[in-house]
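S.K.: Here you go, one structure.
The values are calculated or read from the model by the stated rules, or taken from the named source; none is laboratory data. Just so it is clear, the model here is predicted, and its values are computed rather than measured. Here the Cβ is made from the backbone with ideal geometry for all residues, glycine too, and neighbour counts use every protein chain on show. Side chains are part of the model used for accessible areas, which takes the heavy atoms of the whole protein and leaves out ligands, DNA and RNA. Shrake-Rupley method; radii C 1.70, N 1.55, O 1.52, S 1.80 Å.
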Amino acid sequence: MFNEAHVSLVGYVASEPSYLKVGESQIPKLTVRVCWTNRRRDSATGEWVDGNRSFVNVICWRQLAENVSTCLRRGDPVVVRGRLDVRSFMGRDGQRKTAVDVEASALGPDLNRGVAGFRRVWSGTGKAAEQRAAEQHAAAGELGDGDDVPADDEAAL
């Protein structure tokens, strides 16, 4: 935890999220590219000018990976928070290159650029995709009143 660089950034999902399970224990992992473009106002013309486009690889693990795979798509505006990792690697062309990765601790929609409907995944109901299916059935009137809220959480509502 010491000597780690933690970052927060705002950008757009640049690639479709890639979801898979790794290792013998099948731990969920999701990777996605996020990009942003710096903009500045040109003092001579008064117009906005795009600067460099930057990209970062965002890596999500476990429940965050499950939820992101259900909720985010290419082009969505996002806010990312996590641990920064800059690494060098040898490209296919034989040239040394640099990659910037963020191991996300939080990733979600940027509400400055749109709206989103948040649905809490209750611990007793399982995965985010299963929760969404249950809520769609409830919205269609297939469940009775209160069936979509766990009994121990009804008092909190």
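S.K.: Looking at the range 1-60, which chymotrypsin sites (Phe, Trp or Tyr not before Pro) are DSSP coil and have at most 16 other C-beta atoms within 10 Å of their C-beta?
M.R.: PHE2
S.K.: Here's another thing I want to ask about it. Can you tell me the accessible area per residue over the range 82-121, all protein chains present, probe 1.4 angstrom, in square angstrom?
M.R.: Each residue of the range 82-121 exposes 76 Å² on average to a 1.4 Å probe.
S.K.: Give the shape of the range 1-119 as rounded, prolate or oblate, defined through the alpha-carbon gyration tensor: a ≥ b ≥ c are the square roots of its eigenvalues, a/c under 1.5 means rounded, and otherwise the shape is prolate if a/b is larger than b/c and oblate if not.
M.R.: The shape class here is oblate.
S.K.: Sticking with this one: Each residue of the range 100-116 in turn: what ³J(HN,Hα) in whole Hz from Karplus with 6.51, -1.76, 1.60 and θ = phi - 60°, glycine and Pro shown as x?
M.R.: Karplus-based 3J(HN,Hα) across the range 100-116 equals 10, 10, 10, 7, 6, 9, 8, 8, x, x, 8, 7, 6, 10, x, 10, 9 Hz.
S.K.: Separate question: In nanometres, what is the gap between the two model label sites at VAL115 and LEU9, each 7 Å from Cα along Cα-to-Cβ?
M.R.: In this crude spin-label approximation the distance works out to 3.0 nm.
S.K.: Between ALA99 and ASP42, take the C-beta separation as r, use R0 = 30 Å, and let me know the FRET efficiency to the nearest 0.05.
M.R.: Step by step, r from the Cβ atoms, then E = 0.45.
S.K.: Amide H of VAL78: which non-local residues (sequence gap of 5 or more, or other chain) have their own amide H closer than 5 Å, using H built in the peptide plane?
M.R.: GLY11, TYR12, VAL13, ASP110
S.K.: Is there a quick way to get the dipole size of the range 1-102? I mean about its Cα centre, with the Cβ of Lys and Arg at +1 and of Asp and Glu at -1; what is the value in debye to the nearest 20?
M.R.: 100
S.K.: Could you pull out which residues in the range 8-37 have an amide N less than 17 Å from a spot 7 Å beyond the Cα of ALA106, following the Cα-Cβ vector?
M.R.: Zone members listed by number: 8-11.
S.K.: Extension gain SER88-ASN52, at 0.36 nm per residue separation less the Cα-Cα distance, in nm?
M.R.: Residue separation times 0.36 nm, minus the Cα-Cα distance, leaves 10.9 nm.
S.K.: Taking all protein chains as present, what is the carbon and sulfur share of the accessible area of the range 60-119, in % to the nearest whole number, probe 1.4 Å?
M.R.: Answer for the range 60-119 is 48 percent, counting heavy atoms of protein chains only.
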